[in-house]
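Data block below; observations after.
The values are calculated or read from the model by the stated rules, or taken from the named source; none is laboratory data. Not measured: the values here are computed from a predicted model. Backbone-built Cβ (ideal geometry, glycine too); neighbour counts: all protein chains shown. Calculation scope for accessible area: heavy atoms of the full protein, side chains included, ligands and nucleic acids excluded. Shrake-Rupley method; radii C 1.70, N 1.55, O 1.52, S 1.80 Å.
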Amino acid sequence: MKDYDIIVVGAGPGGSIAAMEAASRGLKTVFFERGRKPGEKNSSGCGLGPRMWQDFRFMTELTPDSCPSMRAGAASRSYFVNKQGVVAGYVMARPTESVSYEPAKSFITMNVYRSDFDPWLATYATNAGAELKTSTLVTGLMREDGRVTGVIDEHGEKYRGLVIGADGVVSMVARECGLRKRWGQDHVTLIPQYDYAVDPRKIDDIMGDETLAVWWSALFPAAYHVFFHDGFHIGLGNWMTWWDKNPLSYLNQVVNLEYFKRLVRILDARPREYHVHLLPWQGTPTDTHADNVILVGDAAGVPCPLEAEGIYPAMMTGRAAAETAAEAISAGDRSKEFLDLYDRKWQQTSVGEEFKTGPELAHIWRALPFSPKETMTWFVPMIMEILGGILDWSQPHAVRVRQVMRQVKSYLPQAVPFLVKEVMPLLQAILGDKMELLTSPEKLMASMPELQEAVASAFEEKEGSS
Amino acid sequence: MKPDIDALVTRIPGSVDFIQLDSAKCNQCGRCLVVCTMNLWRKRGNKVFLANDYKSRCLECGACYQVCEADAIDFHYPSGGKGVVYERG
Ligand SMILES: Cc1cc2nc3c(=O)[nH]c(=O)nc-3n(C[C@H](O)[C@H](O)[C@H](O)COP(=O)(O)OP(=O)(O)OC[C@H]3O[C@@H](n4cnc5c(N)ncnc54)[C@H](O)[C@@H]3O)c2cc1C
């Protein structure tokens with residue numbers, strides 16, 4: 001038996017930050033990783049948002065020396081694929097005029113392979129004094145007098161201390177302490193993804209500072225395409241309830257699009273790895289802690305309800321968990337009731353902010369890009385009718401405008417119910433009783449200041465934060 | 001084009017068994033057969049079973065465990081330091 005103050009299961013972003021924050025408070029901390037090194041079991045190699053640089057000052061120390069895969073850029077691309085598998089159009093976008101956080105004007109995401117990023121992050125925990133045990137699977141929780149008092153590893157070694165479950169989406173800690181055996185099938189997604197190798201110069205020449213693309217489609221759930229220093233990921237996901245056949249067959253539809261194949265040719269890209277991973281994606285995290293146990297990151301179900309960004313929420317909840325644990329230890333109270341403090345802490349952060357409209361955000365996403373057959377079959381041609389319809393010299397322009405309008409009108413029987421069912425509840429949640437303004441244009445115009453105020457108070461914008 | 005999946009996966013062999021099916025609990029719903037991108041679950045007649053070579057092909061995603069509402073599939077990660085390695089994950 002070994003005694004610690006804090007035992008962290010998992011050395012992903014949630015675990016490393018929890019271990020770093022605990023150790024830097026002088027708590028005796030150990031964190032476990034089943035891989036030979038952190039990151040070699042993770043597959044989300046993807047976007048880190050500018051928020052992370054705001055909340056974690058050491059992010060400025062992330063350099064190509066420590067993280068060779070990193071690639072940042074300001075632009076993203078949205079492809080619209082119709083049900084014939086044709087790219088009916090695409091839009092490139094840069095940070096818009098309304099972006100207020102200065103660094104976010106120059107990059108939307110910093111893309112890194114987790115096999116680079118996670119080991120780098122873990123060094124901040126070990127430098128703070130936390131002990132890292134790699135190649136070690138934690139297999140169970142230790143109980144004394146019926147209470148969870150620590151963990152047991154695969155060799156039967158016991159470790160006593162307050163347990164932070166940072167063990168990801170299939171969380172042994174959540175299961176063994178009775179919080180959750182498995183997710184509801186509509187609270188978790190499955191994501192297959194390919195990694196392709198590409199010469200960095202080709203990426204620079206062909207993609208410029210575009211770092212990611214989304215393939216919105218009527219054939220498959222929205223696919224994401226993310227560029228790293230010397231390669232890219234192409235992947236897609238959907239909730240467990242959605243799949244009707246092997247999820248990989250949908251991903252293979254993406255890589256078989258003529259347009260995608262052409263891109264692969266001009267980039268001279270080669271498939272390099274195949275990954276598959278689960279990712280919690282839900283409107284409201286629940287059951288985040290129990291007596292002597294706190295869950296963080298994916299284990300707690302905190303990825304952003306709209307886009308499932310999960311690294312930053314894992315780090316923020318890792319920090320909140322370590323702070324809570326420190327207070328629990330000094331108060332001598334590790335009960336679930338005391339640890340309720342944890343929820344209050346993370347809910348006050350920008351992660352908590354996301355979940356104020358969580359169910360509505362999660363729902364709208366599910367109904368749009370993740371419902372390719374139901375929604376994207378009309379959404380893609382409708383968007384393209386508007387974007388591309390006018391660039392046509394086959395008729396006098398007045399005739400074309402009428403044709404475009406008629407065509408757009410033909411989508412209204414699908415678009416209007418969608419707006420009512422999916423978009424209105426979101427606006428309702430954001431605007432509250434100011435919602436009635438939207439239904440009356442005159443009132444709306446007359447009360448713009450009030451509307452602004454409503455939006456501001458809905459998001460509880462603080463003085464000077466925007 | 002259909003990339004050869006197995007050629008795209010690196011693995012360190014030597015784990016103990018980490019997936020078990022309790023056939024008595026299995027209700028043959030077939031969800032595990034659908035979600036396993038490696039096609040490691042099979043059905044013969046009304047019996048579901050796991051491929052014999054699953055340890056050398058499984059990507060440890062846990063999807064089979066997650067979808068098994070009958071709670072017939074037990075899943076743990078492979079032994080520490082063993083199993084799939086993502087170098088560009
Ligand atoms: C394909 C994909 C794309 C994504 N894209 C993005 C993105 O662009 N941006 C973003 O922010 N998020 C993204 N996410 C989400 C993000 O990956 C997760 O939310 C994030 O990794 C959660 O961090 P975590 O620390 O909670 O868990 P994890 O990163 O899963 O870390 C858990 C760690 O614990 C270890 N472990 C698990 N069980 C045990 C055990 N019993 N004993 C010892 N060690 C154990 C694991 O090996 C792992 O290293 C994506 C996810 C996927 C699947």
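Gaussian network model of chain B, Cα springs within a sub-10 Å range: biggest mean-square fluctuation belongs to which of B:R44, B:R11, B:R57?
Answer for the Gaussian network model of chain B: B:R44.
Go through the stretch A:14-50 and flag every residue whose accessible area shrinks by 40 Å² or more with all protein chains in place compared to the isolated chain (probe 1.4 Å).
Buried on complex formation: A:R34, A:R36, A:E40, A:K41.
Could you check the spin-label model distance between A:A331 and A:T60? Points 7 Å from the Cα along Cα→Cβ, value in nm.
3.5 nm
Give me the extension gain from A:A367 to A:L419: residue separation times 0.36 nm, minus the current Cα-Cα distance, reported in nm with one decimal.
Working: separation 52, 0.36 × 52 = 18.72 nm, distance 1.06 nm.
Answer, rounded to one decimal: 17.7 nm.
Using a 7 Å offset from the Cα along the Cα-to-Cβ direction at both A:Y259 and A:A429, what is the distance between the two label points in nm, to one decimal?
Calculated label separation equals 3.0 nm.
Grab the beta carbon distance between A:E307 and A:E157, set R0 = 51 Å, and tell me the FRET efficiency rounded to 0.05.
So, using R0 = 51 Å, E works out to roughly 0.80.
Just the accessible area per residue of the protein assembly as shown, please: how many Å² with a 1.4 Å probe?
Value returned for the protein assembly as shown: 43 Å² of accessible area per residue.
What average count of beta carbons from other chains do you get within 10 Å of the Cβ of residues in B:61-69?
Average neighbour count from other chains, rounded to a whole number: 6.
If you count only protein heavy atoms and use a 1.4 Å probe, how large is the accessible surface of B:V67, to the nearest 10 Å²?
For B:V67, the solvent-accessible surface is approximately 10 Å².
In square angstrom, rounded to the nearest 10, how much accessible surface does A:K373 have for a 1.4 Å probe?
In the full protein context, A:K373 sits at about 100 Å².
Summing both sides, how much accessible area is buried between A and B? Use a 1.4 Å probe and give Å² to the nearest 100.
Numbers: alone 21520 and 6230 Å², together 23800 Å².
Between A and B, the summed buried area is about 3900 Å².
Under a Cβ-Cβ limit of 4.7 Å, which cysteines in the protein assembly as shown have nobody to pair with?
A:C46, A:C67, A:C177, A:C304, B:C26, B:C29, B:C36, B:C58, B:C61, B:C68
At what distance in nm do the modelled label points of A:E102 and B:A51 sit from each other, each positioned 7 Å from its Cα along Cα→Cβ?
Once both label points are built, they end up 5.4 nm from each other.
In degrees between 0 and 90, to the nearest 10, how far off the longest principal axis of chain A does helix A:377-388 point, with axes built from Cα atoms?
60 degrees
Over 31 Å between Cα atoms: which of A:K83/A:K409; A:K421/B:K25; A:K2/A:K37; A:K181/A:K345; B:K25/B:K55 fall into that group?
A:K421/B:K25
Given a 1.4 Å probe and every protein chain left where it sits, what share in percent of the accessible area of chain A is carbon and sulfur?
Carbon with sulfur: 54 percent of the solvent-accessible area.
Through the Karplus equation 6.51 cos²θ - 1.76 cosθ + 1.60, θ set to phi - 60°, convert the phi angles of the stretch A:268-279 into ³J(HN,Hα) values in whole Hz; use x for Gly and Pro.
After applying 6.51 cos²θ - 1.76 cosθ + 1.60, I find 6, 8, 10, x, 10, 9, 10, 10, 8, 8, 8, 8 Hz.
Taking a 1.4 Å probe, which of A:M1, A:M20, A:M59 shows the most accessible area, and what order do the others take after it?
Working: A:M1 110, A:M20 25, A:M59 0 Å².
Listed by decreasing accessible area, they come as A:M1, A:M20, A:M59.
Figure the gain on full extension for A:I266 and A:L391 (residue separation times 0.36 nm, minus the Cα-Cα span) and round it to one decimal in nm.
Between A:I266 and A:L391, full extension yields 42.3 nm more.
Which whole-Hz ³J(HN,Hα) couplings does the stretch A:170-184 yield from phi under the Karplus relation 6.51 cos²θ - 1.76 cosθ + 1.60, θ = phi - 60°, glycine and proline marked x?
9, 8, 5, 4, 4, 5, 6, 8, x, 7, 6, 7, 8, 6, x
To the nearest 10 degrees, how steeply does helix A:13-24 sit against the main Cα axis of chain A, on a 0 to 90 scale?
Helix A:13-24 sits at roughly 40 degrees to that axis.
Going by alpha carbons, how many degrees (0 to 90, nearest 10) lie between the helix axis of A:258-267 and the longest principal axis of chain A?
In chain A, helix A:258-267 runs at an angle near 60 degrees to the longest axis.
Please give the calculated 222 nm ellipticity per residue for chain A, where each DSSP H segment of at least 4 residues contributes -39500 (n - 2.57) and the sum is spread over every residue; nearest 500 deg cm²/dmol?
Working: 16 runs with 170 residues, N = 466.
Calculated at 222 nm, the ellipticity per residue is -11000 deg cm²/dmol.
Scan around A:A222 for amide H atoms under 5 Å from its own, H built in the peptide plane at 1.01 Å from N, and keep only partners 5 or more places away or cross-chain.
A:S217, A:F370
For the stretch A:51-66, just list the computed ³J(HN,Hα) in residue order, Karplus coefficients 6.51, -1.76 and 1.60, θ = phi - 60°, integers in Hz, with x standing in for Gly and Pro.
My calculation for the stretch A:51-66 gives 3, 5, 6, 6, 8, 10, 4, 5, 4, 5, 7, 6, 10, x, 5, 7 Hz in order.
Before anything else, pin down the relative contact order of the stretch A:248-397: Cα pairs under 8 Å, at least 6 apart, normalised by residue count, whole percent.
Working: 133 pairs, mean separation 31.4, N = 150.
Reported as a whole number, the value is 21 percent.
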